[in-house]
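Structure first, commentary second.
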Amino acid sequence: QAQLVESGGGLVQPGGSLRLSCAASGSISTILNMGWFRQVPGKEREMVAIIRANSDIDYAESVKGRFTISRDSAKNTMALQMNDLRLEDTARYYCNIYTPSKNYWGQGTQVTVSS
């Protein structure tokens with residue numbers, strides 16, 4: 001059973017940067033997508049960035065030009081570099097691995113942008 005563990009969240013001022021990391025352990029079959037999602041209380045979880053199996057990358061419009069997703073397939077790790085953070089980026093961030101048989105989620109890491 002695979003597990004995902006996020007790290008790197010924290011408190012940052014507007015305009016600051018954070019780098020989130022996600023480490024996958026255990027056996028994972030064919031990976032279709034790897035990505036980052038975020039959620040604030042009372043709202044649905046939303047996609048932030050996804051790397052697809054063909055290496056195409058999609059970003060939410062709100063983070064384009066500020067966030068960069070990357071992956072290291074050999075190490076089964078993924079990262080999200082977040083620059084120029086805004087108040088509205090405050091959320092709990094989750095890494096996700098989507099396979100044909102299962103959708104894996106980490107426990108999430110909190111990102112708070114506040115002055």
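The values are calculated or read from the model by the stated rules, or taken from the named source; none is laboratory data. Keep in mind it's a predicted model, so treat the numbers as computed, not measured. Here Cβ is always computed from backbone atoms with ideal geometry, including for glycine, and neighbour counts include all displayed protein chains. Protein only, heavy atoms only, side chains kept; ligands, DNA and RNA dropped before computing areas. Shrake-Rupley method; radii C 1.70, N 1.55, O 1.52, S 1.80 Å.
Given a 1.4 Å probe and every protein chain left where it sits, what share in percent of the accessible area of the chain is carbon and sulfur?
47 percent
Give me a comma-separated list of calculated 3J(HN,Hα) values for region 6-16, in order, Karplus coefficients 6.51, -1.76, 1.60 applied at θ = phi - 60°, integers in Hz, x for any Gly or Pro.
These are the phi-based 3J(HN,Hα) values: 8, 8, x, x, x, 9, 9, 7, x, x, x Hz.
Give, rounded to the nearest 20 debye, the magnitude of the charge dipole that the chain has about its Cα centre when Lys and Arg contribute +1 at Cβ and Asp and Glu contribute -1 at Cβ.
Its charge dipole is roughly 180 debye.
Taking the Cα centre of region 68-115 as the origin, how large is its charge dipole in debye, to the nearest 20, when only Lys and Arg (+1) and Asp and Glu (-1) carry charge on their Cβ atoms?
For region 68-115, the charge dipole is close to 240 debye.
Can you give the accessible area per residue of the chain, in Å², using a 1.4 Å probe?
Using a 1.4 Å probe on heavy atoms only, each residue of the chain averages 53 Å².
If Lys and Arg each add +1 and Asp and Glu each add -1, what is the summed charge of the other residues whose beta carbon sits under 12 Å from the beta carbon of ALA23?
So the environment of ALA23 carries a net charge of 0.
Subtracting the Cα-Cα distance from 0.36 nm times the residue separation, let me have the gained length for SER70 to ARG19 in nm, one decimal.
On the way: separation 51, 0.36 × 51 = 18.36 nm, distance 1.08 nm.
Computed gain between SER70 and ARG19 is 17.3 nm.
Provide the per-residue ³J(HN,Hα) series for region 37-45, in order, calculated from phi with Karplus coefficients 6.51, -1.76, 1.60 and θ = phi - 60°, each as a whole number of Hz, with x at glycine and proline positions.
The phi angles translate into 10, 9, 8, 10, x, x, 10, 6, 5 Hz.
Given the Cα-Cα distance of THR112 and ARG52 and 0.36 nm per residue of separation, how much length would full extension add, in nm?
Here the segment from THR112 to ARG52 would lengthen by 18.9 nm.
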